[in-house]
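Read through the structure below, which is laid out as structure tokens, and then see the notes.
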Amino acid sequence: MSSASPVITTATAIPMTFEKVKNANDSDNNNEIIRQATGIEGHVDQLEFLLMLEHRAHALSMKSNFEAAAQDAKTMIEYAPTLPQGYLCFGKLLTMQGKQARASKVYQEGLEKVSTNDPAYGQLLQAEKMADEKNNHCFDLVSALPLELKDAIVILLLEEERANLFNVSTTWSRWLENCPKAWKYIYNEDVAVSRVLPKVAKYIKHLVFNEMTEEIWLKYLEHLENGDFRNLESLEVPEIDDYDVFSTNSLMALMNGFWKTRHTLTKIDLTFPVYESPITITDILFYLPYLETLILRTDKIHLAGMLGDLERLQEPHRSLIDLTLDTAYTTAAALKPLAKCCPYVRRLRLEYATYRVLDIVSDHFPNVEMLGYNFGYTLPESHKVLNQDYYNNNGPIIPTTNVNNMYIKEKEGSLRAFYSGCGWKGVSGAGLFRLLQKNQKTLEIVHADMGRGDEREIEEDPRYYNPPEYLIEAASTVLNLDRLGTIMFRSDEDGLHEPLFHRMVGSPLKHFESVETYDLPAVMDTLISLRPSLETLRFKDVYIEDNDQKNGMTSHSMVRLLNEYATTSLSEFNTAKNLRIVMFENCQFISDDVLDALANIRTIQGLSFGGQSNITPQGFKNFFIKLKKQNVQITKLKFDKMEHLVDTKTLLNIINTMEGLEGLQLICICDLTEHDIIKVIDNAKKLNTLIVENCWLYSKEIMPYVNKHNRKFKYLKLNDYVERDIDIFNINNFA
């Protein structure tokens, strides 16, 4: 068998050319030296250019960008049609993609144009022969798979990988063009998808721009304006650094695109980094009459500057039911005219809102069921937190107008959930009191942050914030919130509102959270006397003066409360509604005695500890030993800043004894290592939710272990920062 001929490339052709000149010089053949040197004077530059293109084509093919690589190979052929380098490069690229028949034709073309005396002519012959043989015996394993299996495989690929598969073969391209599941969700994590938009735009239902440049934006706008996104349901545009995307032409194209997709597009989420609103709410509502969810975010534009001419709409928008306005400033004066245009909104979230906004919502949004007021976080999904037994089957309230064309206020409200967070300001006591009074028959969830907020606004209108007549009424009024199942209360500095919230506690209450309370014994007395069927009990940021007597009294009150629930947790009692989750975070009154009483509640499933307390290291360890002896199965566990109590090794030993653990959250745990997390995952076979935040771990060491051992997680997050809105106890309430 003859030996294989050496591979001739552009890189080897250049030294071969110089070798001919050297040989002529060695033989003192001056005429040959002159002939060879003169002949290659321009040829060397040509070969260097071909070498550059060949290298780039190879690099592009390694990135699976075969389209750009093929263009370089074609340029090589056009530039030097009588040299073999371009044909060899192009044929190799086609072979890599499985396109053997086409590669054979390229080699044939090269054999016709390249001189038979060229050193690489034999290489072209051999390449053509191999391409023909592969073409006659090729077997595409993926194409032979059942369609359902192929679709399942392609969905697991990255967007870039999916888009590059179009270059593999005509068969694969045809399959991908008819695979709706592969293009249903597009997040634009790479520019590759923008290159195949003509083929896949019709399948995209949910489009997010994670990577945004003017070039990509214009490509998508072109197809949006042409109506190619015929099934688009949601569009999310996060903050864009390139302000040029908001040019006049781009905005006109966007509005035209909205109109083309008006029958399918039901959700848009837009973030504006500019100081003037490029798109108004009027434009959005006009061009998208079937829009159901609208989310607008900007830290530079007031709501008033985003409204536009609402009079253009002429009639209310009947489809919008979910509205988020996260603007730089939201006033009652700006919100009121918008309420007239969007009276059917059921979920409303307002950020950086003034105190008077609460009255506008109460009086002019008759269908709002869930309200976020300076909450700071995304609202949970309604069906996951609201009692479906109370669902209103009567349809929305249709607003009626008086002779002045103003909406008539409803006597009773529809609000079922109110959320305010520890954000830039608290809630006006008077405004919240009116809201509670009007909606006391429907409210199921109340998260009330009564902390003082914008001092400037309070000084401008002090009577509105806490007028004397309100304080007198609130001190004696009993609100009958018969449906209230969840209450989270953060007291004001003066403790003025705390008694009101104590009187709101009733038997239906299942979830009770108290933050920064100033009268903890009163809270305990309320819970003990009413004995609500609590499932969740949480105390956070409760600091008591350095007074051993007060701490002792408070701890004793907590022990009494826990003993009540310990009694009802015995096996002979009905445990369907007994205490299951207890959270103590930054509570100085928590002692070893409190933990000992807590360990007697056999229905406990979730625990959260963090920050300061009066627990001793031994008392903490004894608590978990007692739980294990009493066969209490902890399924959810959260630890936050535990260095003052136990060392990390002890903490991990406690975690690793919990065989039934399903959810674990660790925040700011010192000296935690990647090996520690891997050991936890290995020991807790049922673990399906893991959140590790601000522990400075290298996730690239953990994720390969998870994938290698085929561990399935519902939720896995490893962050170097803390996301306070989601934890293991509420994660199922969010999308």
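The values are calculated or read from the model by the stated rules, or taken from the named source; none is laboratory data. Just so we're clear, the structure is a prediction, and the values are computed from it rather than from any experiment. In this analysis, Cβ positions are derived from the backbone assuming ideal geometry, glycine residues included, and neighbour counts consider all displayed protein chains. Accessible surface is based on the protein model in full, side chains and every heavy atom, while ligands, DNA and RNA are left aside. Shrake-Rupley method; radii C 1.70, N 1.55, O 1.52, S 1.80 Å.
In plain terms, the bigger the Kirkwood radius, the slower the diffusion; for region 568-676, with that radius from Cα pairs, at 4 °C and 1.567 mPa s, Stokes-Einstein puts D at 90 µm²/s.
When you work out D = kT/(6 pi eta Rh) for region 148-187 at 37 °C and 0.692 mPa s, using the Kirkwood radius from C-alpha pairs as Rh and the Stokes-Einstein form, the result is 323 µm²/s.
Counting 0.36 nm for each residue step from Leu158 to Lys134 and taking away their Cα separation leaves a gain of 5.7 nm. Residue by residue, region 362-370 carries 3J(HN,Hα) couplings of 5, 8, 10, 10, x, 9, 5, 9, 9 Hz when phi is fed to the Karplus relation 6.51 cos²θ - 1.76 cosθ + 1.60 (θ = phi - 60°); x denotes Gly or Pro.
Beyond 13 Å, what share of the Cα-Cα pairs of region 247-310 is found? Please give it as a whole percent.
Above the 13 Å cut-off, region 247-310 has 62 percent of its Cα pairs.
Over region 305-398, all Cα pairs binned in 5 Å intervals from 0 give whole-percent P(r) values of 2, 12, 24, 25, 19, 11, 5, 1, 0, listed from short to long.
Derived scalar couplings between HN and Hα for region 625-641 equal 5, 5, 4, 5, 5, 8, 6, 7, 8, 7, 9, 10, 9, 9, 10, 9, 6 Hz in order, rounded to whole Hz, by the Karplus curve 6.51 cos²θ - 1.76 cosθ + 1.60 (θ = phi - 60°), x for Gly and Pro. Here Lys700 sits with roughly 140 square angstrom of accessible surface, probe radius 1.4 Å.
Distance from the C-alpha centroid of region 680-718 to that of region 79-131: 50 Å, rounded to the whole angstrom. Between Glu701 and Asn256, what length comes free when the chain is fully extended (0.36 nm per residue of separation minus the Cα-Cα distance, one decimal in nm)? Value of the extension gain: 155.4 nm. Checked against a 30 Å cut-off, the cross-linked pairs Lys441/Lys686; Lys628/Lys717; Lys199/Lys300 give Cα-Cα distances beyond that limit for Lys441/Lys686; Lys199/Lys300. Of the trypsin sites (Lys or Arg not before Pro) found in region 315-396, those that fall in a DSSP loop while having at most 15 other beta-carbon atoms within 10 Å are Arg318. Per-residue Karplus couplings for region 126-131, computed as 6.51 cos²θ - 1.76 cosθ + 1.60 with θ equal to phi - 60°, are listed in order as 5, 5, 5, 4, 5, 5 Hz, Gly and Pro entered as x. Put Tyr705, Tyr390 in order of accessible area, highest first, and with a 1.4 Å probe you get Tyr390, Tyr705.
How much net charge surrounds Leu221 when only other residues with a Cβ under 12 Å from its Cβ are counted (Lys, Arg +1; Asp, Glu -1)?
Overall, the nearby charge balance is -3.
For the residue pairs Lys99/Lys181; Lys641/Lys714; Lys540/Lys685; Lys685/Lys708, alpha carbon separations beyond 21 Å are given by Lys99/Lys181; Lys641/Lys714; Lys540/Lys685. Relative protection proxy for 86-93, 489-496, from highest mean packing down: 86-93, 489-496 (other beta-carbon atoms within 10 angstrom).
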